[in-house]
Structure formats: C-alpha cells, structure tokens
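Heads up, the thing below is written out as structure tokens.
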Amino acid sequence: MDTEGLLFEILSWMSAKSILRLTTLSRTCYSFPSENFFLKKHSEQLLNKDDLGFFIQQDQRGGKVELHTLSNKEDKKSYYDYDVPHSSLEFLYNTTKKILGSYNGLLLLKNTNEEDMRLFVCNPATQKIFSIPKHMTNINNDQSTFGVHIVSNTSTTKFPDNYRVIMVKSAEDWSPNSNAYMYIKGEEWNEMAKLNTGARNIIYDMPVYCRGAMHFISDTFPYLTKASPDYKPYIVGCDIDKVKSWRLNLPKEAMRNSHDQSCTMRIFKWGKPSSLSSQSSICLVRLRKSVFMAWVLDDYEVGSWTLVLNTRVRAMGLRELEPVVCGFTIINKDCLVFATQQRVYCYRLTLSYGKLRQSVKAEEISSHGLGGSASHLSFTNYSNTLRSCGSQEVNFDFAGVEKSLEEEEKQCRNLIT
C-alpha cells in the first residue's frame, strides 16, 4: 500500500476533529474531507464503533440543548474536544430545533416554530444542514406526535444521498392504526402503509430501529378495561417495507404495578450503534418510585427477557440527598445514562454468563445547565463523523442565530424597562 493509501485508511478511523487537523498539516490529506469516497469510508468505519457522546435537551418548544461525553467528570472535555463547535449548539437552541434522532453523525431535527414545523438533517461537526421537503398533506406542520428515524438506504441511491427517513404517526384519535411515511432523497414523501399499533397510545419519541423494523412502546395508563386485549402495555414492531406490525410482550416483572403514575418505561437500542448490526437488540428500562429496573430481549422470536438491573436510585451513590431523575437512556451495551435536576451520571451494566453484574456506584459524568426545575429531559445518542447530509446540503445559517439572539436581548431589555 502506498503512502497516500495508508494515510487514507488510518484517517478513515479517526474522529472528525483529528481528520480536519491533519488535513491542515498535510497536502496529501488536504482533499480527503471533500471526497465522497473518503467520507463514505469514514462513516462506514465509525458505524462499527461505540457512541461516545449524547445530547440532552429540554423537552419543550425551543428547549436548550447540551452535548456531553461518556468520560467522567475528572476527564471532562469541552465541546471542541468532541469535534462539535459550541456555535453548533447555539444554532440548534436559537433556531428552535428539536432533536428527534441521530444516525452515523447526522441529527434529525424538527423546527418547533408554529408556522413552519419542517424536518431537517444536519451534521453539527461540519455545520451542514439539509431541509427535507414538506409532505403534500402537511404532516410536517401537524401538531400531533409522531416517531421518525433516519436509516441507511440499501437501494441504488448513491452516497451521500443513500439514507431514508421513516415516519410513523397516529392516524386519528382512538384509532388502533398508525400511518407510515418514507422519504428518500430525490423523491417525495410516500405513504407506505397503515399499521395496527393497538388500542393504547404509542410513545413515538425516540423509536428503536432493530432487525429492520421500528419499535415503539405503549403508554402504561389504566384507561382500558381488563377485558381489552391491550390492557397491559406492550412493544409494537413496524416493518415499513413488508407492511407488517406485531407485538412483543413485556417481562412480567415490568408489567407489575405499571399503571402507577410514577412508572415510566422506555425502550432503547442494545448493542452496536449501527442499525444493521445483527448483534443489536432491545433494552427495556423501567423507573418506578425511584427504582431502576432493566431487561434485555435476548431471544426476539421467543420473546424472552433477561434482567440486567434492579436497584434504587439512592443506592447508586449519587451526590444529591434526594435525587430526582429527569431522563435516562442506554448508550452502547453497558451504560445506563441518566440525569437528575443538576447532574448527569453513568451506571455501567454487564451481562456475563447469564448472571447479573452491576457496578456498585454510578459515575458522575458532569453537571448540566438545563435548569434545576426541569421535569423531563430527552437524550439522543451521538457518534461524531464527517458524514454528509446529502448532495444538496448547505452551511448553517448563523445570521438567523444572530437575529434570534438580538430579538431575545431586545425582549430582556423591554422586561427591564
């Protein structure tokens, strides 16, 4: 292998920031970040690596957003050390963008402005963005909840346009069906299917893409009678391509007292970040009366679950005397990451020969500035890459950010006077 080929291979495994630094020092590497062949290789290599960062955002219109890494507080680095300029976070915050999901370094965003709720794909590391065309039925402007996910497109679409956006949303109030739509670059939104998702309300936020299908969990509130087949909460899988949906039963322990108002259940990807990984599965996390429980779906066909966590929040060794958990997620295959009203923690889990092993104490990752009164914070796992948003991506509109900041300052001055 010649020198250029060797550098090409080495750089394709590096972080976005390291690549950009080296391209300023080497003429040989200078053109790599602008070549689709290199960007494709780089993004594919990093699909096999663990996520090292995550976004936390206030779950409200125009909520403030922060980026954190899995390093503990002593090793805490700045946004710049994780290859994301702070101006990118300001852009997300001051342009009323809500993070809906992520894939291979790309973020899927929704503009929460009431007049224009369109969707975007952006790369905060390269500060590039692509506006997804509106649907003719204005599903982008619809105030109803929906689940949306961005995945690799295995069709003949060429890189960097080889991804598709899948959306699943409720058909109408009290309907057991959900409508599925798909967007592929160069095409319009297509209505793919009407899928049966049951009588319960579906939690569309942050769906799990596993085994070629999107998975959602239902709510747990006791508004159905025991005679209903959907009385107990469940997970529903939706295969858009095959126009098929099915149910996954929850563990018996998870359903016990699940109707309690303090009970929150969510599902997450368990395994490699790549949605195509055959080793990935689903992790169910339940928080009830300050007790964390978590299970991993170890046999999808049979529907058998393995308990991997059962502990009180107070027993995790947190700094707070009366900790209130505001949000949580699973990152990679062994990290329960959660936020209290002031801090972010990581609690590591390990499966070993079917026996439950868990760390004694949670690691404090950092503090956060999303408000001590925050009641709910949403998490989005993030892997930093140079992946392009598509052939029609454009630069961030920082002029819009500056205008938003000026308007905010003006409002503050008016309040003072």
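At what distance in nm do the modelled label points of Glu253 and Ser18 sit from each other, each positioned 7 Å from its Cα along Cα→Cβ?
Spacing of the two 7 Å Cα→Cβ label points: 3.9 nm.
Within the stretch 301-332, report the trypsin sites (Lys or Arg not before Pro) that DSSP leaves as loop and that have at most 15 other Cβ atoms within 10 Å. List each step's numbers first, then the result.
On the way: sites: Arg312, Arg314, Arg319; in loops: Arg319.
Answer in residue order: Arg319.
Cα-Cα over 21 Å: which of Lys49/Lys333; Lys226/Lys289; Lys49/Lys269; Lys128/Lys158?
Pairs exceeding 21 Å: Lys226/Lys289.
Treat the count of other C-beta atoms within 10 Å as a stand-in for reagent exposure and order Asp2, Asp298 from fewest to most. Don't skip to the end; give the middle numbers.
Working: Asp2 7, Asp298 16.
Fewest-to-most ranking of Asp2, Asp298: Asp2, Asp298.
On full extension of the chain, what length is gained from Asn201 through Ser304, given 0.36 nm per residue of separation minus the C-alpha to C-alpha distance?
Extra length from Asn201 to Ser304 when fully extended: 34.7 nm.
How much length, in nm to one decimal, is gained on full extension between Glu322 and Thr28, taken as 0.36 nm per residue of separation minus their Cα-Cα distance? Mind dumping the intermediate values first?
Values: separation 294, 0.36 × 294 = 105.84 nm, distance 5.61 nm.
Separation in residues times 0.36 nm, less the Cα-Cα distance, equals 100.2 nm.
Please work out the FRET efficiency for the pair Asp2 and Val291, using the Cβ-Cβ distance as r and a Förster radius of 56 Å; give the result to the nearest 0.05. Numbers along the way, then the final one.
Details: r = 59 Å, r/R0 = 1.05.
Efficiency computed from Cβ-Cβ geometry: 0.45.
From the square roots a ≥ b ≥ c of the eigenvalues of the alpha-carbon gyration tensor of the stretch 187-268, which class results: rounded (a/c under 1.5), prolate (a/b over b/c), or oblate? List each step's numbers first, then the result.
Working: a/c = 2.22, a/b = 1.87, b/c = 1.19.
Note, shape of the stretch 187-268 comes out prolate.
Could you tell me the calculated FRET efficiency between Lys244 and Ile10, based on Cβ-Cβ distance and R0 = 41 angstrom, to the nearest 0.05? Present the calculation step by step, with values, prior to reporting the outcome.
Numbers: r = 43 Å, r/R0 = 1.06.
So the FRET efficiency works out to roughly 0.40.
If amide hydrogens are placed 1.01 Å from N in the peptide plane, which non-local residues have theirs closer than 5 Å to the one on Leu250?
Distant-sequence amide H within range of Leu250: Ile235.
Considering only C-alpha atoms, what is the centroid distance from the stretch 31-46 to the stretch 184-203, in Å?
Computed from Cα coordinates, the inter-centre distance equals 32 Å.
The numbers here are math on the coordinates, done by the rules we state, and not lab data. Quick caveat, the model's predicted, so the values are computed rather than measured. As a convention, Cβ positions derive from the backbone with ideal geometry for all residues, glycine included, and neighbour counts pool all protein chains shown.
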